[in-house]
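The values are calculated or read from the model by the stated rules, or taken from the named source; none is laboratory data. This is a predicted model, so every value here is computed, not measured. Here the Cβ is made from the backbone with ideal geometry for all residues, glycine too, and neighbour counts use every protein chain on show. Each accessible area value is taken on the protein alone, full model and side chains, heavy atoms only, with ligands, DNA and RNA left out. Shrake-Rupley method; radii C 1.70, N 1.55, O 1.52, S 1.80 Å.
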Amino acid sequence: MVYGLIIGMLLLIWLPYVWMILTSLQKELDLYNYPPPILPKKLTLESYNFVLKDEKFVNSLYHSAIVSFTTTAICLIAGTLGAYAIARLRFPFRNTLYFSLMILYMLPGIAMLIPLLIIIRKLGLIDTHLGIILALSAFLLPLVIWFLKGLFESVPLDLEKAARVDGCTRLQSLTRVILPISSPGIAVTAIFAILTSWNELMFAKVLGVFNIRLVTPAISDWITPYDIHFSELSAGSIIASAPLLVIVLILQRYIIQGLTEGAIK
């Protein structure tokens, strides 16, 4: 029974990816055969060749890398300082500030889109890297603060007090004591921020129209009202997910450590 559930869950997770890989390796016309074959009769890399020669798609990978890594850096720096202040400092309306941040994140993204669009347009940042980065940072920062606050509160307060007795300032105790201990959890938070900002579609589609076209809107361009280019769509999705897969593989040790520490605590 248990093994059956596990196999069922694995099939549910992996089947869409297997289907996407097989689709990307077939010609578009072969996909419309009826009845559809379980395994493709002929494999080809034509869709990958087409996608990699598409200048707009290749440029979108570059733009997405700039936006997602910069957004993650801003969220981690601002989130670390904000989470430390909420976790360790005592000031008026601390809990109110914390819960207001969570309420902001719980709002649907579309509710934040219009105000952010107006603000970014007033600043003249529509269709720029900075405009999209600011919007994504505003969207992600509350959740990053929430993650990091719990992480910092799990670090024994006595360790920080000992560092303060040894002459460390608050900033030094944060960078020399709390951050090294919390590094696995921070790595998990960073990966979450990169994945979310890389895969985000709504803000990217509205705020980047012509000059700054990110990878998710670029892939969605292969879906038109008259046709869906399944092979190019699948090949583009696999290429777009490759950088994220490499990052996760490089940081998998920290991910496992961060998740298991969270489970123990």
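Of the residues in segment 196-205, at least one is open to solvent by 30 Å² or more (accessible area, probe 1.4 Å) and within 23 Å of Phe99 (Cβ to Cβ).
Just a yes or no: is a residue in segment 203-224 free of Cβ contacts under 8 Å to residues at least 24 places away in the same chain, hydroxyl-bearing (Ser, Thr, Tyr) and at negative phi? Yes, because at least one residue in segment 203-224 is free of Cβ contacts under 8 Å to residues at least 24 places away in the same chain, hydroxyl-bearing (Ser, Thr, Tyr) and at negative phi.
Is at least one residue of segment 63-72 surrounded by fewer than 17 Cβ atoms within 10 Å (Cβ to Cβ) and free of Cβ contacts under 8 Å to residues at least 60 places away in the same chain? The answer is no, given that none of the residues of segment 63-72 is surrounded by fewer than 17 Cβ atoms within 10 Å (Cβ to Cβ) and free of Cβ contacts under 8 Å to residues at least 60 places away in the same chain. Of the residues making up segment 13-38, those that are within 33 Å of the chain's Cα centre (by Cα) and closer than 16 Å to Ser234 by Cα number 16. Checking each residue of segment 236-259 against the condition of being touching a Phe, Trp or Tyr at 6+ places or on another chain (Cβ under 9 Å), loosely packed, with under 15 Cβ neighbours inside 10 Å and without any contact (Cβ under 8 Å) to a residue 40 or more places away in the chain gives no match. Per the conditions (1) at positive phi; (2) open to solvent by less than 100 Å² (accessible area, probe 1.4 Å), the sole criterion not satisfied by Phe93 is (2).
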